[in-house]
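The values are calculated or read from the model by the stated rules, or taken from the named source; none is laboratory data. Predicted model, so just to flag it, every value in this text is computed and none were measured. Neighbour counts run over all protein chains shown; Cβ positions are idealised from the backbone, glycine included.
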Amino acid sequence: MATFDALGELNERFSNVSISGGAAAAAGPSNSSQKRSPVDEFFSQHANSPGSKFTYNRDAKLNIRETFDVLVKAQKWKRKKRMSEKERFFEAIDSEFTTRVGDGDKLQTWQRLVVMFGSKDPVPTSITKCKKILAEYYINIYDFLDYCRQMGIDEDSGSSGDLSSLDKGSLQNLRYYSKSKHLLYPLDLARGTVLKAFLVHMFG
């Protein structure tokens, strides 16, 4: 696994990933009683719109990216509509990611992520050092978010989990997995600091 000596290299290393649902679905029970999240709100709006052919079940086994594909098919969207709704979908992911793991301004956010990945190193005392450790993990953003949703992890609850099971082991493995599963998230639409940090630079 790669390590980096400079923050600039870290930021480049952490620049363009995407998450699925296999590991997440098996990881633990869903938390359907929690408040409606940005992603749930996005899907529910479409499910409840007049004449909609789409039904949304938050506890379904499909990951959120697959659920979006089901939505597109059910609504029979043409390309222009599909692309505009996909952008809204990405915005919902960005918003929920921040809700789940924090905005990235606090050291505690990054320390918590290091702990959740089961790092054997002492908990770092700076964000830069946390990012250096996290740079050793290759995860897909959809997998990450699905895991958090299944386990009820968010910044307010303080719930934790074991994210090491999501690690693909190498950038090559992550690229292949994300592309073959169509689990890509566009870096230029990422606004949240932590989301950007976990978007591995896959194409540069």
* List pairs: first in the range 96-107 and free of Cβ contacts under 8 Å to residues at least 40 places away in the same chain, second not aromatic (Phe, Trp, Tyr), Cβ under 8 Å, 6+ apart or cross-chain? -> 107/125; 107/126; 107/127; 107/130
* To do: Assess whether residue 145 counts as being crowded, with 19+ Cβ neighbours inside 10 Å, in contact (Cβ under 8 Å) with a residue 60 or more places away in the chain and not in a helix (DSSP H, G or I).
  => no
* **Verdict on residue 58 being touching a residue at least 12 places away in the same chain (Cβ under 8 Å), outside any loop (DSSP other than H, G, I, E, B) and not hydrophobic (A, V, I, L, M, F, W, C)** => no
* Name the single residue, out of those in the range 106-135 being modelled with pLDDT of 90 or more and outside any helix (DSSP H, G or I), that is farthest from residue 182 (Cα to Cα). => 125
* **Selection status of residue 188, out of contact with any Pro (no Cβ under 6 Å at 6 or more places or on another chain), of a type in the set (D, E, K, R), closer than 27 Å to residue 70 by Cβ and outside any helix (DSSP H, G or I)** => no
* To do: Please determine, by comparing only the residues of the range 71-105 that are more than 19 Å from residue 189 (Cβ to Cβ) and at pLDDT 95 or above, which one is surrounded by the most Cβ atoms within 10 Å (Cβ to Cβ).
  => 75
